[in-house]
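Contents: one structure, followed by commentary.
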Amino acid sequence: MPLTNISLKRFRCFDDLRFDLSPGINFFHGSNGSGKTTILESIFMFSSGKSFKSSNLSSLIKYNNTDFYLKAFDSETGHIVEIKKEVTKPISVLLNNTKITTSRLLRIFPCTVIHNNTFSFADASPDFRRKLLDRSIFVANENFSSNWFSFYRALKQRNSLLKSGSVNEISIWNEAVSKEGELLTEQRENYFKQTLTEFNNLIEVINPENVFVFLKNIRIKFYKGWHEDINLLNTLSNNINLDLKRRSTIFGPHKADIKFLINDIDARQLLSRGEQKFFSIMWCCAQNEVLKKSYGVKPTLIIDDIKSELDEKVFQLLMNLLKLNRNQVIFSCIDDYFSSKIISKFNDFKKFHVEQLG
Ligand SMILES: Nc1ncnc2c1ncn2[C@@H]1O[C@H](COP(=O)(O)OP(=O)(O)OP(=O)(O)O)[C@@H](O)[C@H]1O
Ligand SMILES: [Mg+2]
């Protein structure tokens with residue numbers, strides 16, 4: 001990243017669209033159904049081979065066509081990435097004319113997306129927060145994915161033994177799960193701590209406390225997935241009867257989570273929608289900051305429909321945050337909030353009117 005020259009063919013509402021992104025801030029505005037989310041979705045495709053809207057990629061092919069084709073150019077590295085999808089075939093990804101797997105894309109074009117379903121970060125399932133954390137660690141550390149897969153493979157084996165009710169070999173799998181699981185957890189804890197530091201730094205810089213009182217009281221904690229005073233191996237052996245009864249592993253890194261507490265009450269029961277959205281954006285920005293500062297990665301941040309649920313004051317806070325951001329940001333909203341006078345306060349700001357692009 002940053003991707004600059006993008007072209008989309010037969011992708012959702014667009015037949016043939018080309019646009020050049022800024023390596024700084026990019027703002028897409030336009031009416032309902034004009035194609036803003038589609039554009040952001042296409043950019044996310046380059047970092048994952050997936051859509052953040054649909055699990056069925058064939059539904060992204062423009063009506064009455066049989067394929068879509070996306071191409072992007074990374075101005076910094078010179079990389080060219082092409083994504084093709086035909087109705088009857090799996091997705092195919094080419095990096096500089098060579099076939100690669102979609103899982104490699106994230107490391108080459110790291111990107112975080114915030115959209116309507118993820119605005120409620122605190123309210124989402126633990127699985128969502130775990131995935132977001134793991135995605136960043138995967139980008140930061142090359143060895144993380146083999147550790148991650150080894151853990152989940154060992155867990156699967158242990159769970160199938162629990163299902164069959166045969167515990168003879170269980171101690172072997174307790175050891176494998178705990179060895180890989182402790183390693184995985186160490187990396188998660190470490191990345192979480194760094195994110196928390198960056199989160200507090202961001203708060204200090206933009207000083208939102210005169211807008212949001214909750215920020216003074218919120219406590220953010222990493223939960224490993226089991227009781228922190230006992231190691232994973234002992235947790236697994238101590239709970240074997242419970243695991244056998246439930247036919248799966250109750251405690252472990254697969255239950256890890258980030259918890260948000262206000263006066264010891266789960267924050268999701270307290271925060272308003274605007275507070276949740278602001279918090280989610282801040283947390284994702286903090287995760288990206290860690291990638292940038294500690295690992296030299298330059299992730300792109302995508303925020304769809306940035307203004308919804310936010311009042312003027314909070315929107316201004318987010319704009320202040322974006323002014324500080326030195327990475328590529330791509331965001332959308334229905335109305336055009338940016339006069340040329342406001343734009344001049346940002347670095348490398350580019351504005352797109354989506355109806356005119358089509
Ligand atoms: N496979 C497809 N083929 C053709 N059109 C599609 C396809 N999938 C979605 N569309 C249409 O593409 C248009 C653009 O959708 P998109 O979600 O990008 O709009 P948007 O600008 O984000 O709107 P909103 O402001 O309501 O969020 C919509 O009219 C939608 O119905
Ligand atoms: Mg939209």
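No value in this document is a laboratory result; all are computed from the given coordinates. Keep in mind that what you see is a predicted model, and the values were worked out from it rather than measured. Note that each Cβ is placed from the backbone with ideal geometry, even for glycine, and that neighbours are counted across all protein chains shown.
Considering all alpha-carbon pairs of the chain, what whole percent are spaced by more than 29 angstrom?
Result for the distance tail: 46 percent.
If the viscosity is 1.306 mPa s and the temperature 10 °C, what translational diffusion coefficient in µm²/s does Stokes-Einstein give for the range 202-358 when Rh comes from Kirkwood over Cα pairs?
Details: Rh = 18.9 Å.
Value of D from the Cα-based Kirkwood radius: 84 µm²/s.
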Open item on the list: Over the Cα atoms of the range 49-98, what radius of gyration and what Dmax do you get, in Å?
Closed with: 12.1, 36
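Output the direction-averaged projected area (hull surface divided by four) of the convex hull of the alpha-carbon atoms of the range 119-295, in nm².
Quarter of the Cα hull surface area: 10.7 nm².
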Task: the range 1-154: mean projected area of Cα convex hull, nm² - done: 10.6
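Only counting other Cβ atoms within 10 Å, I'd like Thr38, Thr66 sorted with the fewest neighbours first.
Numbers: Thr38 22, Thr66 12.
Least to most surrounded, the residues fall as Thr66, Thr38.
Loop-only check: which trypsin sites (Lys or Arg not before Pro) in the range 166-270 are DSSP coil with at most 13 other Cβ within 10 angstrom?
On the way: sites: Lys179, Arg188, Lys193, Lys216, Arg219, Lys221, Lys224, Lys245, Arg246, Arg247, Lys255, Lys259, Arg268; in loops: Lys224, Arg247.
Hits after loop and neighbour filter: Arg247.
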Open item on the list: On a straight-distance basis, which lysines could pair with Lys323 in a cross-link, Cα separation under 24 angstrom, same-chain partners fewer than 8 positions away excluded?
Closed with: Lys36, Lys216, Lys277, Lys292, Lys293, Lys298, Lys307, Lys313, Lys341, Lys345, Lys350, Lys351
Task: Integer Hz, Karplus 6.51/-1.76/1.60 couplings in order for the range 90-107, x for Gly and Pro - done: x, 5, 10, 10, 10, 10, 6, 6, 10, 5, 10, 7, 5, 5, 6, 4, 4, 6
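Hey, fewest Cβ within 10 Å first, where do Asp229, Asp16 land in order? Walk me through the intermediate numbers first.
Numbers: Asp229 7, Asp16 12.
Starting with the residue having the fewest Cβ neighbours, the order is Asp229, Asp16.
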- [ ] Output the relative contact order of the range 196-341, whole-number percent, from Cα pairs under 8 angstrom with separation of 6+ residues.
- [x] 25
Open item on the list: Quick one: 3J(HN,Hα) in Hz for the range 209-222, Karplus 6.51/-1.76/1.60 with θ = phi - 60°, rounded, Gly and Pro as x.
Closed with: 5, 6, 9, 10, 6, 4, 5, 6, 9, 6, 10, 10, 10, 8
Open item on the list: Bins of 5 Å, beginning at zero and ending with the bin holding the largest distance: percent of Cα pairs per bin for the range 103-214, please.
Closed with: 2, 9, 14, 16, 18, 14, 10, 7, 5, 2, 1, 0
TODO: Take every Cα pair under 8 Å in the chain that's 6+ residues apart, average their separations, divide by the length, and report that relative contact order as a whole percent.
DONE: 28
Task: Built amide H within the under 5 Å cut-off of Asn26, gap 5+ - done: Val329, Ile330, Phe331, Lys350
- [ ] Within 10 Å of each residue's Cβ, count the other Cβ atoms and sort Val177, Val87 from fewest upward.
- [x] Val87, Val177
Task: Long-range amide H partners of Cys111 with built H, under 5 Å - done: Thr300
Open item on the list: Of all beta bridges DSSP finds with both residues in the chain, what is the antiparallel percent, to the nearest 5?
Closed with: 65
- [ ] Evaluate the Debye formula for the range 66-144 with equal point scatterers sitting on the alpha carbons, no solvent, and hand back log10 of I(q)/I(0) at q = 0.14, 0.15, 0.20 Å⁻¹, in q order, two decimals.
- [x] -0.65, -0.73, -1.03
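Charges at C-beta only: +1 for Lys and Arg, -1 for Asp and Glu. How large is the resulting dipole of the range 119-295 about its Cα centre, in Debye rounded to 20?
Details: 25 positive and 21 negative charges, 111 e Å.
Computed charge dipole of the range 119-295: roughly 540 debye.
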Task: Positive dipole terminus of the chain, leading residue within Asn65, Leu236, Thr77 (C-beta point charges) - done: Asn65
Open item on the list: Could you give each residue of the range 269-278 its phi-based ³J(HN,Hα) in whole Hz, using Karplus coefficients 6.51, -1.76, 1.60 with θ = phi - 60°, and x for Gly or Pro?
Closed with: 7, 10, 6, 6, 5, x, 5, 4, 5, 4
